[in-house]
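Everything on this sheet refers to the single structure shown next.
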Amino acid sequence: MASYGYEAIDASGKTVKGSIEAENIEKARNDLKGQGLTVMDVKEQSLLTQDINIDIGGRPKARDLSVFCRQFVSMIRAGVTILDALRMLTEATENKKLQKAINEIRVSAEKGETLASAIAEHPKVFPDLMVNMVAAGEASGSLDKSLERMAVQFERSNKTKSLVKKAMMYPVVVIIVAIIVVIVMLVKVIPSYVTMFDQMDAELPAITKAVQAASNFIINKWFILVPCIVVIVMATSQFSRTDAGKHFFGKLALLIKPIRNLVVKTASAQMARTLSTLMGSGVPLVEAVEIVSRTMTNVYFKEAMEAAKDDIVIGQPLSIPLQRCGLFPPMAYHMIRIGEESGNTEDMLDKLADYYEEEVEMAVATVMAAMEPMIIVVLAGIVVVLIGACMAPMLTMYEAIG
């Protein structure tokens, strides 16, 4: 398809410019008219005149989607039609990728598609969870309630993810800074000391020779070291995307106690909140559990939810497979069992989500508290080695002189 630049007037009388892809110029004109635009000019774009569209991001952030849902709810409850609401949201949305998706959803809705099917055409912008929630809302006539639940879901999910990122950010930044400092020491500081010792014709201690060897390797063999590091990073990243890699890193996260505690509580909060959101909008339990399995980050929790779905299909309550998998804490499946027995599963899931979201905050604080002294000890060890490498020859010479 060719790319066409256009100038048109929208429903509010505002002049708009942009580009559109179509099979030919007539198809481009018809598509623009279908978007409610009065076409003034359409020209095929050349390589030099076409718009430069660099997509540097993935799907919009949870915060953007939450604002979109809340604004949509407000408009619907104010009596604004869905098409008019989508048109206003297109103009109000700042995120370019989300803005483009909303406009395309409006065009699809004008052609007679349901809102859910129109949203499903943009999987890189809207998650499966939202598609199912909107479909359930349209079927039950409570679209505003479904969107309101989605807004809460996005907000809580964003908060939980932010806490986890916060826990990981501190050690990563400290490690990067430590690596930079060590490299500077080995490349700039250590060689000056070694030169001084060589001039004194002194026998260097083993620790100094080891540090000197490391310094020489970085200075003289950096063109080998840098590609090796890049290859290792890329290979690790590629391995983490494979099934074996997902199981390896998933198992590793569950073996380290502080991290396991955070992973389990995060997964429990995510499972409870998402299930509550889906079931509250009328999505069947089997379908809801399948959607939850796709949202799980750790592969072992993903497989546990997939297995739970199969057990539910044959008539077992959700609490039994959750207990059997051995991954979720007792509080999770006990509260779900109470909800199943009392016929109040949705409320129990809400309470469970609230509880574990608070637990995630405490787990983040625990992980941070555990990592800080470990990082300090490691950094102190590195500093001691470097200082020892510089001081040991000097102490040896002082003893010889004495």
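Which of rounded, prolate, oblate describes the stretch 275-358, given a ≥ b ≥ c as roots of the alpha-carbon gyration tensor eigenvalues and a/c under 1.5 marking rounded, otherwise prolate only if a/b is larger than b/c? Rounded shape, in that the Cα axes give a/c under 1.5. For the stretch 282-402, carbon and sulfur atoms together expose 65% of the accessible surface, with a 1.4 angstrom probe and every protein chain in place. Helices of the chain meeting both criteria, an alpha-carbon length of 24 angstrom or more along the long axis and an average Kyte-Doolittle score not below 1.0, with helices taken as full DSSP H segments, are 222-241, 345-401. A 1.4 Å probe run over the protein chains yields, for the chain, 57 Å² of accessible area per residue, whole-number rounding. In this rough spin-label picture, where each label sits 7 Å from Cα along the Cβ direction, the Ala92-Val286 distance is 3.9 nm. Label positions at Ile82 and Ala214, each projected 7 Å from the Cα along the C-beta direction, are separated by 6.3 nm.
Over the chain, the fraction of Cα-Cα pairs per 20 Å bin, rounded to whole percents and listed from the shortest bin up, is 20, 38, 29, 11, 2.
Mean sequence separation of contacting Cα pairs (under 8 Å, at least six apart), scaled by the length of the chain, corresponds to a relative contact order of 14 percent. Heavy-atom accessible area, probed at 1.4 angstrom with all protein chains present, ranks Ser240, Ser342, Ser268 as Ser342, Ser240, Ser268, highest first.
Entry note: the stretch 319-402 has Rg to Rh equal to 1.54, where both radii use alpha-carbon atoms and Rh is the Kirkwood radius.
The values are calculated or read from the model by the stated rules, or taken from the named source; none is laboratory data. Since we're looking at a predicted model, the values are computed, not measured. With ideal geometry, Cβ positions are generated from the backbone for all residues, glycine too; neighbour counts draw on all protein chains shown. Surface areas here come from the heavy atoms of the whole protein model, side chains and all, with no ligands, DNA or RNA. Shrake-Rupley method; radii C 1.70, N 1.55, O 1.52, S 1.80 Å.
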